[in-house]
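The values are calculated or read from the model by the stated rules, or taken from the named source; none is laboratory data. Bear in mind that the values here come from a model prediction, so they are computed numbers and not experimental data. Counting neighbours? That spans all protein chains shown, and the Cβs are built from the backbone with ideal geometry, glycine included. Ligands, DNA and RNA are excluded from the accessible area calculation, which covers all protein heavy atoms including side chains. Shrake-Rupley method; radii C 1.70, N 1.55, O 1.52, S 1.80 Å.
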Amino acid sequence: MRSGAKKHITAAIAFILVGITLVCGTAIATGARRTETIDVTYDNIKIVVDGLTIDPKDANGNKVEPFIYNGTTYLPVRAVGEAFGKQVSWDGVEKIVYLGPKPGEVQNWFIQCKPYQYFGGEEFKLENNKTFTMSGKKYTNGFILTGDDGSALFNLDGRYNSVTFTHGHVDNRGYTTRTMNIYLDGNIVYTQEVKFDDIAKQITLPLNGALQMKIEVIGGYSADPFRWGFADGHFE
């Protein structure tokens, strides 16, 4: 759209202001719901977060362009929130936008701090309808480690005190015994023998402000299609 173009928009103002906009870092709420026709200006506005230009999109992957109304620039909450690593959700009943977990809700580690690098790893995300099965139960928003020696690296940046996750053998994927090691800043802090017939279990590991975490599964041989899964994770 050309620079400075204006467009009439008929919309529920409460939805525009609360549901999809962020004004200079502050969410704006209104009172009763009402509908108005307004003139807004699209001026090819770019959003740059920590030096990186982001491409704002809605929950369906459609491009959402920032606009100017009455001298104020409105930005899409979802795009800006996710750029800062915040999960964004909309409560249509209470008319509330949540940046981060809802009260009482635990935020998944893929939103907080997912692995930045894998060796022999694969991600499974709910939005991609990808799941894997451990001990007969389906999981998503996690990853599996594969091959002879698989590993995942997390850049914790000293922000967390603990991590909790469920891990286990991916059903029908290999039958050898291997070893899982967890490193914090290069030092092994947890080790466990992992077997194909082990029940998936949850563990909580103190992080004590570590900068980096590495999870690895090693041993076995290349002819065995062993897979070990990690899901239901969150940092505190």
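Okay, here's what the table says:
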| item | result |
| --- | --- |
| The stretch 70-93 residues that are under 17 Å from Asp50 (Cα atoms) and among the charged types (D, E, K, R), paired with ones that are at pLDDT below 75 and open to solvent by 70 Å² or more (accessible area, probe 1.4 Å) (beta carbon under 6 Å, 6 or more apart) | Lys86/Leu99 |
| Verdict on Tyr183 being aromatic (Phe, Trp, Tyr), in contact (Cβ under 8 Å) with a residue 24 or more places away in the chain and not in a strand (DSSP E or B) | no |
| Residue count, the stretch 124-155 (criterion: open to solvent by less than 40 Å² (accessible area, probe 1.4 Å), over 18 Å from Ile203 (Cα atoms) and either part of a loop (DSSP other than H, G, I, E, B) or among the charged types (D, E, K, R) (or both)) | 2 |
| Selection within the stretch 197-218 - surrounded by fewer than 15 Cβ atoms within 10 Å (Cβ to Cβ) and charged (D, E, K, R) | Asp197, Lys201 |
| Which listed residue is of a type outside the set (A, V, I, L, M) and closer than 22 Å to Phe124 by Cα, from Gly186, Gly209, Gly229, Gly219 | Gly229 |
| Condition check for Ile68: under 30 Å from Ser151 (Cα atoms), open to solvent by less than 60 Å² (accessible area, probe 1.4 Å), modelled with pLDDT of 65 or more and more than 15 Å from the chain's Cα centre (by Cα) | no |
